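Enquirer: Before I ask anything, here is the structure I am working with.
Each value in this text was obtained by applying a stated rule to the coordinates, not by laboratory testing. Quick caveat, the model's predicted, so the values are computed rather than measured. Cβ sites come from the backbone with ideal geometry, for glycine too, and all protein chains shown count toward neighbours.
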Amino acid sequence: MRIVWLLLMFGGIALVFTTNHPGVLGFGLLLTFVSGFCAVFAFAAARIESTARPDSALLTPEVLAAVRARAAQQRAAQAQGQTPAPARPLPPPPAHS
């Protein structure tokens, strides 16, 4: 879709430079600006999507609750001047098929 927006933008630019009518000029300018705006956001969305983690890699609510509980326990132990208990490894997130 990004290529379509770019082609529309370049078509609008070509229309602007080749026309003699003010109405067609206005339409070409509008086409150029709208398609250029959409092309920028389409390229940005593709860039973000290429570096985003899949939803299956996100932590589940149960794992997040365990992390928060462990952090609260460590803060309480540090506040009392004790050394925190060794951390238990977190269970792996469930596999999504």
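Enquirer: Mean separation of Cα pairs under 8 Å and 6+ residues apart, divided by the residue count of the chain: what relative contact order is that in percent?
Expert: Details: 56 pairs, mean separation 22.4, N = 97.
The normalised contact order for the chain reaches 23 percent.
Enquirer: What number, in percent, do you get for the relative contact order of the stretch 2-52 if the mean sequence gap of Cα pairs under 8 Å and at least 6 apart is divided by its residue count? Could the numbers behind the result be given before it?
Expert: On the way: 39 pairs, mean separation 22.3, N = 51.
Reported as a whole number, the value is 44 percent.
Enquirer: Follow-up. Output the Kirkwood hydrodynamic radius of the chain, Cα pairs only, in Å rounded to one decimal.
Expert: Working: mean 1/r = 0.0540 Å⁻¹.
About 18.5 Å for the chain.
Enquirer: How many nm separate the modelled label positions at ARG2 and ASN20, each set 7 Å beyond the Cα in the direction of the Cβ?
Expert: Taking the two extended label points, one gets 4.0 nm.
Enquirer: Moving on to the next point. Give a residue-ordered list of calculated ³J(HN,Hα) values for the stretch 25-31 (Karplus: 6.51 cos²θ - 1.76 cosθ + 1.60, θ = phi - 60°; whole Hz; x for Gly, Pro).
Expert: Running phi through 6.51 cos²θ - 1.76 cosθ + 1.60 with θ = phi - 60° gives 4, x, 4, x, 5, 4, 4 Hz.
Enquirer: Moving to a separate point now. Classify the stretch 2-52: rounded, prolate or oblate, from the alpha-carbon gyration tensor (a ≥ b ≥ c, eigenvalue square roots; a/c under 1.5 rounded; otherwise prolate if a/b is larger than b/c)?
Expert: Values: a/c = 5.85, a/b = 3.37, b/c = 1.74.
The shape class here is prolate.
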